[in-house]
1. Kindly evaluate Gly217 against the criterion of being surrounded by fewer than 21 Cβ atoms within 10 Å (Cβ to Cβ), assigned by TED's automatic domain parsing to the domain that holds Ser275, on the phi > 0 side of the Ramachandran plot and modelled with pLDDT under 75.
2. So which pairs qualify, if the first residue must be in segment 19-35 and in a loop (DSSP other than H, G, I, E, B), the second must be surrounded by fewer than 24 Cβ atoms within 10 Å (Cβ to Cβ), the Cβ gap must be under 6 Å, and the two must be at least 6 apart or on different chains?
3. Looking only at residues in segment 102-141 that are touching a Phe, Trp or Tyr at 6+ places or on another chain (Cβ under 9 Å) and hydrophobic (A, V, I, L, M, F, W, C), which one is surrounded by the fewest Cβ atoms within 10 Å (Cβ to Cβ)?
4. Of all residues in segment 48-90, how many are closer than 26 Å to Lys181 by Cα, among the small types (Gly, Ala, Ser) and modelled with pLDDT under 90?
5. I'd like the full set of residues that are in a strand (DSSP E or B) and free of Cβ contacts under 8 Å to residues at least 24 places away in the same chain, limited to segment 585-611.
6. Applying the selection to segment 521-557, what residues are without any contact (Cβ under 8 Å) to a residue 24 or more places away in the chain and charged (D, E, K, R)?
Amino acid sequence: MKCKILHESAGRIRVHLNCRRMTLHQADVLEYYLRNVDGVREVSVFDRTQDAVIVYRADRAALVRALAAFSFDTAETMGLVPDHTTRALNREFEDKLSWTVIRRVISKLFFPLPVTTALAIYHSIKYIREGLSALLHGKLSVAVLDATAVTVSIARGDFATAGSVMFMLHLGEILEEWTHKKSVADLASAMSLRVDSVWLQANGAEVLTKITDVKPGDRIVIRTGGMIPLDGRVVEGEAMVNQSSLTGESMPVAKHPGSPVYAGTVAEEGECVISVEKSSGSGRYDRVVRMIEESEKLKSTAEDKASRMADRLVPYTLGGTALTYLLTRNAMKALAVLMVDFSCALKLSMPIAVLSAMRESSGYHISVKGGRFMEAVANADTVVFDKTGTLTYATPTVAKVVSFDGYSASEMLRLAACLEEHYPHSMANAVVEEARRLGLDHKEYHSQGEYVVAHGISSSVEDKKVIIGSAHFVFEDEGCVVPAGEEEKFNALPEEYSHLYLCIAGRLAAVICIADPLRKEAKSAIEALHACGISKVVMMTGDNRKTAQAVAREVGVDQFFAEVLPEDKANFVRQEKAAGRKVIMIGDGVNDTPALSEADVGTAINTGAAIAREIADVTIASEDLFELVTLRQLSQQLMRRIHRNYRFIVSFNCMLIALGVAGVIQPTTSALLHNASTLGISLDSMTDLLKKEQPSEKQDVRRRHYISAMRSGAGVGRQIRCSAIFQSADSTWPDIAKTALKHTLQGGCQLVVGLFSFPSKGSTWS
């Protein structure tokens, strides 16, 4: 498509697309296409003007070529745009806010007094009805205050004040609804499925197939720990399915042939074949949205406190109004008290602050399922790490295969890959990948396997029992032995590797040595956690003690435990909580799920097992453990913001009441200042908590500066970010929407101030 460069500076270019009209969907197509161009940092697409602003670090010529090659049809087929974006939502509320202000201007400047009076009375019906409804249900809520303020103003013939109050209330309602829906949409996108492929059953075999190629009627195989990516019905097998993300059920549900299953749920036990009924993207998003909106997990303790206090303050406000009138016999002074509503600001700003923080965290590839978990992260003092896939990379590799009992190393690797390819674990993935690299094609020549959580796999080949797994599983539980005469070879196995033991017919056949390299940022991340207030960092692993000790010493944890079982991890977390500590557990595997459930905040790595992500309260990106430090920052800053908002709301509104009672300000002015402060603090609550800085090439240096800054007591907002800034198009606000929101609200507030200053008697909101 032809484009015209409108403006250009270093690393930034604005282009205009030569098209008659750009739809919202086409704007999304262009935005996501450009975001996927190498070197592009930020993209803003303006559908109304057909312009795009691109910030880039790459070669300019490469960017120009990408623009020249762009077409809406081609980009559409690339499948870059997610099923749900927030562009249409932002446009809807931008228009609502704009038209509300425009109607106010027209009413203020052009409508005659009889018309504005009639409109004021008409619009007051809504607020009076809501207030009466609350009273009939025995509630002294904010609706009663709003109704009283509007009714008193109209009864006094002060239609200008009534109109002003209703106008500000309407703006607040739009802002609250917009922010809530936007935050929920962002969270739903962040919690979307991360399933790229499935095992498709076809012609008696299982074929790894892209999920986008699966059609209704196809059969897919789901095994223990796997996520069900599509809606369907069980046709073979049985499984216990965790449906907590959709239904809130804490216990897994038994699924038999004929039972329906839903996308986003996880098989905790068993194996089944599902007949797909709905293709990818159908229904999951909407169910997640409903889950988020209905979940009590969204409320932190601070939110609950603010909400309860807001309702408790309503009778005091009404009582203060009556007392002021009795003492002064001045209706204006009494009305000035009535115009100041603590409840509105408390109930609006607190949820906005929490949801905005959750939205911001998703921009760092951190998915938080509720505000209360951010509060728990801020208050935590203990962090428990799993080792494999958490402190070490999620992609271990096979270093060597040591064969026993006359078997060849290549054949044993082939057999191991055949067993491991169906089960979710980083070590299993390493075995499968090594077999693929060596060209060892493996047919399904074994019987159905049984997956034993945190232990291994049991199956049979040619009527011989074959098992693969940990030393505890194969030697203690299964009673396997090392072939006679090969004890020395067994004792000489390199200790720097993790080991997978493969046994056939009760005898050791091979040991697969897994290189499990430590994350380069692990030590620095743990230092940073200590620096930001975490007093105890623990590592727990099922690996042997020597390997665990070496890793613990290198990363600098305070305590470590080796050769532990899943129940041992859960018991430790339970003991720490009983001792009064606030615990964050970080893991990635099926064996970590009991501990994740027990912790105050269960945190999963997004490349780990589906059941771990499902149970976890927080999911972080696998690329950098500093995302955990970022979450700690965000949480601490959120709690500071909430407490700051609370103090400001109480002190500012008390000042307005005092000035109103003293007769210094009029009720209209009191309403203006109160509502303007509510909008202002809500707008501030929507801003980012952390300052985003572009990543440096010398990340280790940056991290050292970061830790130093934290230890010196520098403000969190000024601390240097240590992890790369991951720009997630699925979960962050589009720049255009964010900019439009800020400018619209700021301009609206300025316009409101100006309109209130007009001495036009009888001008009201319409």
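The values are calculated or read from the model by the stated rules, or taken from the named source; none is laboratory data. Please read these numbers as outputs of a predicted model, since none were measured by experiment. Cβ placement follows ideal geometry from the backbone for every residue including glycine, while neighbour counts extend to all protein chains displayed.
1. So Gly217 fails the test.
2. Partner pairs satisfying both residue conditions: Cys19/Gln50; Met22/Asp47; Met22/Gln50.
3. At the first step, the residues of segment 102-141 found to be touching a Phe, Trp or Tyr at 6+ places or on another chain (Cβ under 9 Å) are 103-104, 107-109, 113, 116-117, 119-121, 123.
Remaining after also requiring hydrophobic (A, V, I, L, M, F, W, C): 109, 113, 119-121.
On the way: Leu109: 11, Leu113: 13, Leu119: 19, Ala120: 27, Ile121: 15.
Among those residues, the one meeting the criterion is Leu109.
4. 2
5. As a first pass, look at segment 585-611 and keep what is in a strand (DSSP E or B): 585-587, 601-605.
Of everything in segment 585-611, those that are in a strand (DSSP E or B) and free of Cβ contacts under 8 Å to residues at least 24 places away in the same chain turn out to be Gly602, Ala604.
6. Arg545, Arg553
Here's the yes/no breakdown for (1) over 22 Å from Glu173 (Cβ atoms); (2) free of Cβ contacts under 8 Å to residues at least 24 places away in the same chain; (3) in a helix (DSSP H, G or I); (4) in contact with a His (Cβ under 8 Å, 6 or more places away or on another chain):
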residue: Ser635; (1), (2), (3), (4): yes, no, yes, no
residue: Arg641; (1), (2), (3), (4): yes, no, yes, no
residue: Ser651; (1), (2), (3), (4): yes, yes, yes, no
residue: Leu656; (1), (2), (3), (4): no, no, yes, yes
residue: Thr668; (1), (2), (3), (4): no, no, yes, no
residue: Ala676; (1), (2), (3), (4): no, no, yes, no
residue: Asp688; (1), (2), (3), (4): yes, no, no, no
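So that you can scan it fast, the table gives a plain yes or no per residue for (1) under 21 Å from Ala185 (Cβ atoms); (2) in the same structural domain as Met166 (by TED's automatic domain parsing); (3) of a type outside the set (A, V, I, L, M, F, W, C):
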residue	(1), (2), (3)
Val40	no, no, no
Gln50	no, no, yes
Ala66	no, no, no
Asp73	no, no, yes
Ser107	no, yes, yes
